[in-house]
Amino acid sequence: MGYDSKSDLGRLFDERYLSEEVCFPQTCEYQDILELCDTAEEELRAQLSVGAADLFDAYKDYSEKITEQKCREYWIQGMAQGVRMTAEAFLTGDR
């Protein structure tokens, strides 16, 4: 049930009106995982031929694009859910 790129919520995400929503976890676990990924990538890259390294770079680019699209959809769906919950709270009042 995604929203198209011309939707108000899609534009809100794309134009970064709420830049505080663009962030990364500030946990030690996240930093540790980043370091492990960097180390694994360096070790893998050292073993790849030039052609395989190019293929690996293309894979990483595609993976980042997919992740960006997922994050965008999660954000849009979360905002839409929040709006629906807020509307319901105001419509039902003090029942």
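The values are calculated or read from the model by the stated rules, or taken from the named source; none is laboratory data. This one's a predicted model, so the numbers in the text were calculated from it and none came from an experiment. With ideal geometry, Cβ positions are generated from the backbone for all residues, glycine too; neighbour counts draw on all protein chains shown.
Yes/no per residue for (1) modelled with pLDDT of 95 or more; (2) over 30 Å from Arg11 (Cα atoms):
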site: Leu48; (1), (2): yes, yes
site: Tyr62; (1), (2): yes, no
site: Lys70; (1), (2): no, no
site: Met79; (1), (2): no, no
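Looking at Glu43, Glu20, can you tell me which residue is at negative phi, modelled with pLDDT under 90 and exposed (fewer than 10 other Cβ atoms within 10 Å of the Cβ)?
Values: Glu43 fails: modelled with pLDDT under 90.
Exactly one residue qualifies, and that residue is Glu20.
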